[in-house]
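Engineer: Take this structure first; my questions come after.
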Amino acid sequence: MAIASIQQVFQTAGLADSNQFGEWRRRWRVATESGSEETLLEFFRRERGISEEQFKRRLAEAMGVPFLALADLEGSHEARLKLSTKVAFQYSVIPVAMQEGALLVALGDPFDGNVLSAVRYDAGCPIKIGLATSEDIEKALKKYYGVGAETLDEMEESASEEDGDIDLVLQSDREISESDQDASVIKFVNQIIWEAFRERATDIHFEPAEDELRIRYRIDGILHQTPMPPQLKKFQSAIISRIKVMSGMKIDEKRLPQDGRINVRIQGEEIDIRVSTVPTVWGESVSLRLLTRGKIFFELDKLGFSPHEEEQLREIILKPHGIVLVTGPTGSGKSTSLYAFLSTINSVEKRIITIEEPVEYELKGINQIAVRSDIGLTFAIGLRHILRQDPNVVMVGEIRDLETAEIAIRASLTGHLVFSTLHTNDAPSAFTRLIDMGIEPFLVASSVEAVMAQRLVRTICPHCKTEQEFKPEYLRKVGFPEEHIGKSPIFHGTGCEQCRGLGYQGRTGIHEILILNEPIRNLILSRSSASTIAHLAMDQGMKSLRYDGWRKVLKGETTIEEVIRVTQTEEHLGLLEEA
């Protein structure tokens, strides 16, 4: 459409007279020459000072084309098959319906000849246009081409009993064919997510290298590489772009890290996928964290505690004030334990507020705050404001610095029960870590009520569980209880189809619970070492991580290798070869 006809449309729509049009067009050209990427339509609407919907409605009426409120329309499956995903996203165009052999599309700028030519060429048929707002088009793109609830419901109706659940995620809302590369990329990404769900993976990693795109799943805490065709590298850009589209990221931003989120439903399970990208030498590395809400049980009796440990914890978390710390490395289940504590004590009578980075699971009845360091909302600042909200219980995702530690201790001393985590190897080390941060020993001794260290060990696959023989010398070297050597059976998994040949299926926790009393408080006041505190605590009945691990080995839940792997350094792993 020529400039003269654009002017005529604006005059007919009452959006600009001839003088205004000429002045605005001149100013737009100056702005464009100065580097502005604003389109002529965007510039004119801003100058006119009206909403985009009003602006587009008046344009559509003047042009004699429909204004399409996409949120109220059910897009035609037949129409979407006419336009490739690539063109739809590149030009922000939504195929709406087939009308007498022509494809009706919704677009934002009817005066961009390149868009009209590309759409007409890609569709291979005549096109009719309708106008829609940019926001509606963006939402429709995510709805129809992303893995959204509407798309999943549409395919669920036509899915067969055996393959329906796979199709539920394998297809978007297009027919998948080998000749359609864009649809194949969608199918591939969905297949990866489906396989991760089926294999109980918690993370998916897309890792680019010089000559390959490696994809790995983290299953039960261990990374496993997924076999991929050698030509996968050539589709790296398309695959990563598809993930970024699904998670609402900027496709063209490849220099900076980005975070996004995808919400899908698979086999009736709600899956919350956290997506993170970082630029590397060979392209963007993408990590997906899969959080399956329906399979998480935030209950103490589901976390692997012995009856005595569970009883201890129930007494601790019902205290009116003080600090309860959970320690362990990343991925040891600390957040799950904290959620279990909160769920156990959650009631109408208690006001519970958390500050986390990020909020991994939403708990009903609990006020949860997400840390936003980019805008200045840190753990310390958030915690300071939480204390003005009249809480009974506060959960801080992690104590990382002196300021956060000081506020948490002050909160515990003024009548609040505080839960938090620390990165230490065992429970006694939590006290020395706090003192090293700069907290006075008397504050640590008077505020901390209990510390629980934990690890996650893989559990033996029940389908291939068999008894295993060990030499007594080896068992003594690794500290296995003498009274059980040669007397109690020890099991392992031989590997089967059910566990993908790994011998393990699922995980459980091993724990070390240190409850403070006067003798231990005196050691903290005198700045005693963690080992000194540990010896006294064990003399008074504390069971170490290794001991709890042996208990689960004797119960046939896990293996000696797993206990050694998570409770000691690699020096003991070499001993396995001697067994």
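The values are calculated or read from the model by the stated rules, or taken from the named source; none is laboratory data. Predicted model, so just to flag it, every value in this text is computed and none were measured. Using ideal geometry, Cβ is built from the backbone for each residue, glycine included, and neighbour counts are taken over all protein chains shown. Remember, those area values only see protein heavy atoms, side chains included, never the ligands or the DNA or RNA. Shrake-Rupley method; radii C 1.70, N 1.55, O 1.52, S 1.80 Å.
Engineer: Just list whichever of Lys302/Lys543; Lys139/Lys364; Lys244/Lys302; Lys302/Lys465 have alpha carbons separated by over 30 Å in the model shown.
Structural biologist: Values: Lys302/Lys543 20 Å; Lys139/Lys364 28 Å; Lys244/Lys302 36 Å; Lys302/Lys465 21 Å.
Among Lys302/Lys543; Lys139/Lys364; Lys244/Lys302; Lys302/Lys465, the Cα-Cα distance tops 30 Å for Lys244/Lys302.
Engineer: Arrange the residues Arg216, Arg198, Arg80 by how much accessible surface each exposes, largest first, with a 1.4 angstrom probe.
Structural biologist: Details: Arg216 50, Arg198 130, Arg80 5 Å².
Largest accessible area first, the list is Arg198, Arg216, Arg80.
Engineer: Among bridges DSSP assigns within the chain, what percent are antiparallel (round to 5)?
Structural biologist: Expressed as a percentage, antiparallel bridges in the chain total about 65.
Engineer: For the range 7-136, what is the percent of antiparallel DSSP beta bridges, rounded to the nearest 5?
Structural biologist: Values: 5 of 11 bridges.
Taking every DSSP beta bridge with both residues in the range 7-136, the antiparallel ones total about 45 percent.
Engineer: Using alpha carbons only, how many degrees (0 to 90, rounded to 10) separate the axis of helix 3-12 from the longest principal axis of the chain?
Structural biologist: Relative to the chain, helix 3-12 is tipped by roughly 90 degrees.
Engineer: If each DSSP helix of 4+ residues adds -39,500 (n - 2.57) and the sum is divided by the residues in the chain, what number results at 222 nm, nearest 500 deg cm²/dmol? Intermediate results must be reported in sequence, preceding the final value.
Structural biologist: Working: 23 runs with 228 residues, N = 579.
Value at 222 nm, helices only, nearest 500: -11500 deg cm²/dmol.
Engineer: Consider just the alpha-carbon atoms of the chain and return their Rg together with their Dmax, both in angstrom.
Structural biologist: When restricted to the Cα atoms of the chain, Rg and Dmax are 30.0, 99 Å.
Engineer: Right, next: Report, to the nearest 10°, how far helix 307-316 tilts away from the longest principal axis of the Cα atoms in the chain, using its own Cα long axis and a range of 0 to 90°.
Structural biologist: Helix 307-316 sits roughly 70 degrees off the main axis of the chain.
Engineer: Taking 0.36 nm per residue of sequence separation and subtracting the Cα-Cα distance, how much length would be gained by fully extending the chain between Glu518 and Ser237, in nm to one decimal? If you can, show how the numbers build up before the last one.
Structural biologist: Values: separation 281, 0.36 × 281 = 101.16 nm, distance 6.10 nm.
95.1 nm is the gain from fully extending Glu518 to Ser237.
Engineer: Which residues in the range 359-397 place their backbone N less than 14 Å from a point set 7 Å from the Cα of Asp259 along the Cα-to-Cβ direction?
Structural biologist: 359-361, 369-379, 397
Engineer: Could you report the accessible area of Leu73 in Å², rounded to 10, computed with a 1.4 Å probe on the protein chains as they sit in the structure?
Structural biologist: Using a 1.4 Å probe on the heavy atoms, I get roughly 60 Å².
Engineer: How far, in nm, would the chain grow between Ser488 and Asp112 when pulled straight, counting 0.36 nm per residue and subtracting the alpha carbon separation?
Structural biologist: Working: separation 376, 0.36 × 376 = 135.36 nm, distance 7.83 nm.
Fully extending the segment from Ser488 to Asp112 adds 127.5 nm.
Engineer: What angle do you read, to the nearest 10 degrees and between 0 and 90, between the alpha-carbon axis of helix 52-63 and the longest principal axis of the chain?
Structural biologist: Its long axis makes an angle of about 30 degrees.
Engineer: Quick check: pseudo-label points 7 Å beyond the Cα along Cα→Cβ at Arg476 and Tyr547, how many nm apart are they?
Structural biologist: In this crude label model, Arg476 to Tyr547 measures out at 2.2 nm.
Engineer: Taking 0.36 nm per residue of separation and subtracting the Cα-Cα distance, what length does fully extending Asn367 through Ala102 add? Could you put the intermediate results ahead of the total?
Structural biologist: Details: separation 265, 0.36 × 265 = 95.40 nm, distance 5.20 nm.
Once the chain is fully extended between Asn367 and Ala102, it gains 90.2 nm.
Engineer: Mind ranking Arg57, Arg218 by accessible surface for me, highest first, 1.4 Å probe? Before the final figure, lay out each step's value.
Structural biologist: Working: Arg57 110, Arg218 75 Å².
In descending accessible area the options line up as Arg57, Arg218.
Engineer: With r defined as the distance between the Cβ atoms of Glu23 and Ser51 and R0 fixed at 25 Å, what FRET efficiency is calculated, to the nearest 0.05? Walk me through the numbers on the way to the answer.
Structural biologist: Details: r = 22 Å, r/R0 = 0.89.
Using R0 = 25 Å, I get an efficiency of 0.65.
Engineer: In whole Hz and in residue order, list the ³J(HN,Hα) couplings for the range 70-85 that follow from phi through the Karplus curve 6.51 cos²θ - 1.76 cosθ + 1.60, θ = phi - 60°; x for Gly and Pro.
Structural biologist: 4, 5, 9, 10, 9, x, 7, 4, 4, 5, 5, 5, 7, 10, 6, 4
Engineer: Then there's this: Using a 1.4 Å probe and ignoring any ligands, DNA or RNA, find the accessible area of Trp28 and quote it in Å² to the nearest 10.
Structural biologist: 60
Engineer: How much solvent-accessible surface does His511 expose, in Å² to the nearest 10, with a 1.4 Å probe and all protein chains in place?
Structural biologist: 0
Engineer: With a 1.4 Å probe and all protein chains kept in place, how do Ile369, Ile435, Ile409 rank by accessible area, largest first? Intermediate results must be reported in sequence, preceding the final value.
Structural biologist: Numbers: Ile369 55, Ile435 30, Ile409 5 Å².
If we order Ile369, Ile435, Ile409 from most to least accessible, we get Ile369, Ile435, Ile409.
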